[in-house]
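Nothing in this text is a laboratory measurement; each read-out follows from the coordinates by a stated rule. Keep in mind the model is a prediction, meaning the values are calculated, not measured. Here the Cβ is made from the backbone with ideal geometry for all residues, glycine too, and neighbour counts use every protein chain on show.
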Amino acid sequence: MQIDAHHHFWNPARGDYGWMPEDNDILCRSYGPADMAPHLAAAGIDHTVLVQAAPSLEESEYLLGIADSTPHVCAVTGWIDFENSNQLSQLERLAGHPKFKAVRPMIQDIPDDDWMLRDDIQWAFEAISSLGLRFEALGMPRHIDNFLTVFKRYPDMKVVIDHCMKPQIAEHSQAGFESWADGMARLADETAAFCKFSALITEAGSDWTVEDLCPYVDHVIGAFGADRVMWGSDWPVCRLAGEYMEWRDAALELTAGLSDADRAAIYGQTASRFYDLGL
């Protein structure tokens, strides 16, 4: 069983992808199941997790519609407005869909690094926990301390850290690496969070090498353990730095020294267990 635990589908004509540069030919185009199918076949992927890319309820509905008609999509991570507690009813409704599994605010794009600590958004963390959903932490190394506070505040909330917290690989420095590594080790040791092994080539830039990624991957797997790490393509965003199979092959090379059991966890079993897929 092979699972891609993180990818996107989108249609820029929908008009709610404010982060997407209109002059970027790779990103600013429609992507759907037919575009991804050859990559899944080449990589031997059986199931996928479809993740939101726009801060709107409408996009969550759009993704659930795709999931309904796309057998390989076994889970959807959507979005709600944490700043509007009246959306609790919307979250309850979304949670009733069998493929709606998680919620992801786009924290990396929010100017206030302390946003997640605000009193007026705590209802959302409480609701995610009580509804048996999951929280996807999309942030950067500067957010680690605040994420640690939130994860400890809600110990029953199931959490996965997206993209290894986006370490600054392209601007690698020993001090920067050590700060990120220390923070990730604290998240691994002091909370029950999981981590997505994804998007590292994008953070490394177009001239990345496997050697550039190695210390980051080794640290994440060493800190969290294979039973809390899941591989994701971050397709089509990964295309900014490499095609689907380039990243897949790099990931397989980076994990070649692990046991069969650990690789089985990272490339399928961890995601199945975390998202409660029953696979």
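Test residue 266 against the criterion of being touching a residue at least 60 places away in the same chain (Cβ under 8 Å), among the aliphatic types (A, V, I, L, M) and either in a helix (DSSP H, G or I) or buried (at least 20 other Cβ atoms within 10 Å of the Cβ) (or both), and give yes or no. Spelling it out, residue 266 is indeed touching a residue at least 60 places away in the same chain (Cβ under 8 Å), among the aliphatic types (A, V, I, L, M) and either in a helix (DSSP H, G or I) or buried (at least 20 other Cβ atoms within 10 Å of the Cβ) (or both). Here segment 68-78 is the region considered, the condition is being of a type outside the set (Val, Ile, Thr) and buried (at least 23 other Cβ atoms within 10 Å of the Cβ), and the residue that is farthest from residue 243 (Cα to Cα) is 78.
When you look at residue 82, is it touching a Leu at 6+ places or on another chain (Cβ under 6 Å), of a type in the set (Phe, Trp, Tyr) and either more than 24 Å from residue 145 (Cα to Cα) or touching a residue at least 24 places away in the same chain (Cβ under 8 Å) (or both), yes or no? Against the criterion (touching a Leu at 6+ places or on another chain (Cβ under 6 Å), of a type in the set (Phe, Trp, Tyr) and either more than 24 Å from residue 145 (Cα to Cα) or touching a residue at least 24 places away in the same chain (Cβ under 8 Å) (or both)), residue 82 does not qualify.
Residue by residue, here is whether (1) under 21 Å from residue 134 (Cα atoms); (2) within 18 Å of the chain's Cα centre (by Cα); (3) buried (at least 17 other Cβ atoms within 10 Å of the Cβ) holds:
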residue	(1), (2), (3)
171	no, no, no
193	yes, yes, yes
199	yes, yes, yes
205	no, no, no
215	no, no, no
224	yes, yes, yes
236	no, yes, yes
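Taking the condition surrounded by fewer than 19 Cβ atoms within 10 Å (Cβ to Cβ) and outside any loop (DSSP other than H, G, I, E, B), does residue 34 pass? In short, yes.
The residues on offer are 160, 150, and the sole one that is in a helix (DSSP H, G or I) and surrounded by 16 or more Cβ atoms within 10 Å (Cβ to Cβ) is 150.
Filtering segment 96-114 to residues that are farther than 15 Å from residue 85 by Cα, in contact with a Phe, Trp or Tyr (Cβ under 8 Å, 6 or more places away or on another chain) and either in contact (Cβ under 8 Å) with a residue 60 or more places away in the chain or not in a loop (DSSP other than H, G, I, E, B) (or both) leaves 101, 102, 106, 107, 109.
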